[in-house]
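> Following this message is one structure expressed as structure tokens.
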Amino acid sequence: MTWQEELKKSITNIDQLAEILHLSNEQKEQYEAVIERFPMMITPYYLSLVDTNNPHDPIGKMCIPSLDEFN
């Protein structure tokens with residue numbers, strides 16, 4: 001896959017993120033506020049490196065917005 005295709009398929013909104021992380025509606029609202037203020041773009045390759053079942057995954061901590069962003 002070219003880098004252009006990677007960028008086109010990037011995760012950029014809360015619905016895409018919620019599907020991957022299996023977020024509840026409450027969590028979805030919280031993440032939505034963070035993403036609204038701090039836009040994200042996670043390429044499919046980079047996301048493939050993340051263990052989405054581990055909330056302490058180091059790569060996940062670098063690319064998935066944290067609810068602590070406002071603290």
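> Look at GLU32 and say whether it is part of a helix (DSSP H, G or I) and surrounded by fewer than 16 Cβ atoms within 10 Å (Cβ to Cβ).
Taking the combined requirement at face value, the residue does not satisfy it.
> From the set of residues in the range 50-59 that are at pLDDT 90 or above and farther than 22 Å from LYS8 by Cβ, which is surrounded by the fewest Cβ atoms within 10 Å (Cβ to Cβ)?
Top of the filtered list is HIS56.
> For LEU47, all conditions in the list (1) part of a loop (DSSP other than H, G, I, E, B); (2) touching a residue at least 12 places away in the same chain (Cβ under 8 Å); (3) surrounded by 11 or more Cβ atoms within 10 Å (Cβ to Cβ) hold save one; what is the number of the exception?
So the condition that LEU47 fails would be (1).
> Which residue pairs have Cβ atoms closer than 7 Å, lie 6 or more positions apart in sequence or on different chains, and pair a first residue in the range 23-38 that is at negative phi with a second residue that is surrounded by 11 or more Cβ atoms within 10 Å (Cβ to Cβ) and of a type in the set (Phe, Trp, Tyr)?
LEU23/TYR31
> Any residue in the range 1-22 that's under 13 Å from ILE64 (Cβ atoms) and surrounded by 14 or more Cβ atoms within 10 Å (Cβ to Cβ): show its pairings with residues that are acidic (Asp, Glu) and at pLDDT below 95 at Cβ separation under 8 Å, as long as the two are six or more apart or on different chains.
Close Cβ pairs satisfying both conditions: ILE14/GLU32.
> Restricting attention to the range 62-71, which residues are under 11 Å from the mean Cα position of the chain (by Cα) and either farther than 14 Å from TYR31 by Cα or of a type in the set (S, T, N, Q) (or both)?
Within the range 62-71, the first condition is being under 11 Å from the mean Cα position of the chain (by Cα), and the residues that meet it are 62-66.
Those that are under 11 Å from the mean Cα position of the chain (by Cα) and either farther than 14 Å from TYR31 by Cα or of a type in the set (S, T, N, Q) (or both): MET62, SER66.
The values are calculated or read from the model by the stated rules, or taken from the named source; none is laboratory data. Because the structure is a prediction, the values reported are computed rather than measured. Note that each Cβ is placed from the backbone with ideal geometry, even for glycine, and that neighbours are counted across all protein chains shown.
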